[in-house]
Each structure stands twice: as C-alpha cells, then as structure tokens.
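I have placed the structure first, in the form of structure tokens, so that the comments after it can refer back to it.
What follows is calculated from the coordinates using simple rules that are stated; it is not laboratory data. A quick note: this is a predicted structure, and the numbers were derived from the prediction, not measured. Every residue, glycine among them, receives a Cβ derived from its backbone with ideal geometry; neighbour counts consider all protein chains shown.
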Amino acid sequence: MTADVETSSTEKQTGWRAFRTGLARRPTLNLAYRIGVAVAGVAVLAVGILAIPYPGPGWAIVFAGLGILATEFAWARRILGWLRGKYHQGMAWYSARGPVMRVFAAFATAALVVATLWALGTFGIVGSWIGVEWEWLRSPLQR
C-alpha cells in the first residue's frame with residue numbers, strides 16, 4: 001500500500017501541467033507564452049468592458065478575460081476573486097430592488113444602447129443603405 005501512495009505522488013505530469021512545466025524550463029519560450037497570454041487576456045477583457053452596458057454577455061466576457069490572465073498572473077487571480085464578490089453583491093442588490101427597478105434598468109440600458117449606436121453613426125449608415133438621409137440620423141461625430 002505504501003508503494004501505491006508513493007507512485008501516485010511521484011507520477012509523471014501529463015496534459016496541461018506537463019506542457020506548462022516544459023515551457024517554464026525554457027525562459028525565452030516561457031516569456032513569449034506569458035506575453036501571448038497577456039495580449040489575449042487584455043484583448044478579451046477590453047471587449048468585455050466595452051460590452052458591459054449592452055444586452056448580452058458583457059460580464060461573462062470580462063470574467064473570461066480575467067480568467068485568461070489569471071492562468072499566468074497572480075494579480076489577475078486576486079482581481080478575479082474580488083470582482084466575483086462585487087458582482088455577486090451587485091446582483092443581489094439589484095435583485096432585491098423589485099420589478100420597478102428592473103423595468104427602469106431595462107429602459108436605461110436600451111437608452112444607452114440607442115445613444116451609443118447613434119453617436120457611432122450606425123443609424124446614419126443603415127439609413128443610407130435604404131435611401132433615408134435624414135440629418136438627425138447622422139452622428140454628431142460625423143458633422
């Protein structure tokens with residue numbers, strides 16, 4: 001029985017851990033891998049932050065970006081844990097407000113989406129596709 005315990009504790013690493021251990025032994029390759037993880041994680045995180053106010057998976061994308069970063073960076077693991085706690089607190093507060101708050105939040109979200117789409121010129125572009133060239137459809141950024 002002692003041999004079984006000894007064998008399991010000294011088993012050869014397989015899968016992901018073996019891959020990471022192999023990379024860690026080669027400093028240049030390890031640095032390149034960590035830079036790649038950082039670039040991918042920051043890109044996903046940025047998309048998630050931009051998507052938060054819109055209907056859809058904004059927060060899920062933020063957590064995915066932090067999760068990618070957390071595979072290599074301790075600071076990202078700490079932030080991910082802290083942010084999960086704050087997210088759960090915020091959702092509990094929001095859920096406790098009742099249906100009036102939910103309706104208000106839905107209208108506020110819709111207004112934010114419409115305002116952003118207008119500011120980015122989406123309505124003017126779509127209008128031009130169908131032959132509608134009304135001045136108020138154009139973004140103030142395009143004037």
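If I build a Gaussian network model for the chain, linking alpha-carbon pairs within less than 10 angstrom, which residue out of W16, W75, W118 has the largest mean-square fluctuation?
Evaluated over the chain, the most mobile residue of the options is W16.
Provide, for q = 0.13, 0.17, 0.29 Å⁻¹, the log10 of I(q)/I(0) from a solvent-free Debye sum over equal Cα point scatterers in segment 52-112.
The calculated log intensity ratios at q = 0.13, 0.17, 0.29 Å⁻¹ are -0.45, -0.69, -1.16.
Counting only other residues whose beta carbon sits under 11 Å from that of L66, what net charge do I get with K and R as +1, D and E as -1?
After counting each charged neighbour, the total is +3.
Return the inverse of the average 1/r over all pairs of distinct C-alpha atoms in segment 99-143, which is the Kirkwood hydrodynamic radius, in Å to one decimal.
Roughly 11.5 Å, rounded to one decimal.
Using the reciprocal of the averaged 1/r over all distinct C-alpha pairs, how large is the Kirkwood radius of segment 17-91 in Å?
13.3 Å is the Kirkwood radius here.
Taking the Cα centre of the chain as the origin, how large is its charge dipole in debye, to the nearest 20, when only Lys and Arg (+1) and Asp and Glu (-1) carry charge on their Cβ atoms?
340 debye
Along the principal axes of its C-alpha atoms, what lengths does the chain span, in descending order and rounded to whole Å?
Largest to smallest, the principal-axis extents are 79, 42, 25 Å.
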